[in-house]
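Engineer: The structure is given below, and queries will be raised subsequently.
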Amino acid sequence: MKTSRAQAGLPLPVSRALRKLGADISLARRSRRISTPLMAERAFVSRATLRRVEQGDPGVSLGIYASVLFVLGMADRLGGLLDPSTDPVGRMLAEEQLPKRIRTPGVRRSRHAP
């Protein structure tokens, strides 16, 4: 199977996270008593692709992972993955950009007022 340079250089934490995601998908499918042929049919993928998803293969497209999550009734979790309200780094960076003072627009003061 052909792999991209991005897949070959995948950071170890990302690889582990994908393997965990695949294992969690497999567990969710089995706990719902959905067979692999039925799951593959409902997600419009082949059984081989479903097997790759459940192994956490980084070469599988995000769209296929999303389809599988939809079949499991968990697609809403994908939408909240990078919700700004749950992003402490993003909030911190946004707060750093806030102005120190807020000036009311209007009359300009002269520096040399009598």
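The values are calculated or read from the model by the stated rules, or taken from the named source; none is laboratory data. It should be emphasised that the depicted structure is a prediction, and the values quoted were computed from it without experimental measurement. A quick note on method: Cβ atoms are made from the backbone with ideal geometry, for glycine too, and the neighbour counts reach across all protein chains shown.
Engineer: Looking at the range 66-79, I want the residues that are closer than 14 Å to Gly22 by Cα and have a partner that is among the charged types (D, E, K, R) and assigned to a helix (DSSP H, G or I) with Cβ atoms under 8 Å, at least 6 apart or on another chain. Which pairs are those?
Structural biologist: Close Cβ pairs (under 8 Å, with a partner that is among the charged types (D, E, K, R) and assigned to a helix (DSSP H, G or I)) amount to Leu69/Arg77; Leu72/Arg29.
Engineer: Identify all residues within the range 30-63 that are of a type outside the set (A, V, I, L, M), surrounded by 13 or more Cβ atoms within 10 Å (Cβ to Cβ) and closer than 20 Å to Gly79 by Cα; write none if there are none.
Structural biologist: Matches in the range 30-63: Gly56, Pro58.
Engineer: Could you list, in sequence order, all residues of the range 48-100 that are of a type in the set (D, E, K, R) and modelled with pLDDT of 95 or more?
Structural biologist: Listed by number, the residues that qualify are Arg51, Arg52, Glu54, Asp57.
Engineer: Criterion first (out of contact with any helix residue (DSSP H, G or I) (no Cβ under 8 Å at 6 or more places or on another chain) and either touching a residue at least 60 places away in the same chain (Cβ under 8 Å) or in a helix (DSSP H, G or I) (or both)) does Arg16 satisfy it?
Structural biologist: Yes; evaluated as a whole, the condition is true for this residue.
Engineer: Name the single residue, out of those in the range 4-13 being of a type outside the set (A, V, I, L, M, F, W, C) and not in a helix (DSSP H, G or I), that is surrounded by the most Cβ atoms within 10 Å (Cβ to Cβ).
Structural biologist: Applying the filter and picking the extreme gives Ser4.
Engineer: Only one of (1) exposed (fewer than 12 other Cβ atoms within 10 Å of the Cβ); (2) within 18 Å of the chain's Cα centre (by Cα) fails for Leu18. Which number is that?
Structural biologist: (1)
Engineer: Now for a different question. Give the number of residues within the range 48-103 that are within 20 Å of Ile25 (Cα to Cα) and either in a loop (DSSP other than H, G, I, E, B) or among the aromatic types (Phe, Trp, Tyr) (or both).
Structural biologist: So the count comes out to 15.
Engineer: Looking at the range 28-47, can you tell me whether even one residue there is in a helix (DSSP H, G or I), modelled with pLDDT under 90 and within 23 Å of the chain's Cα centre (by Cα)?
Structural biologist: no
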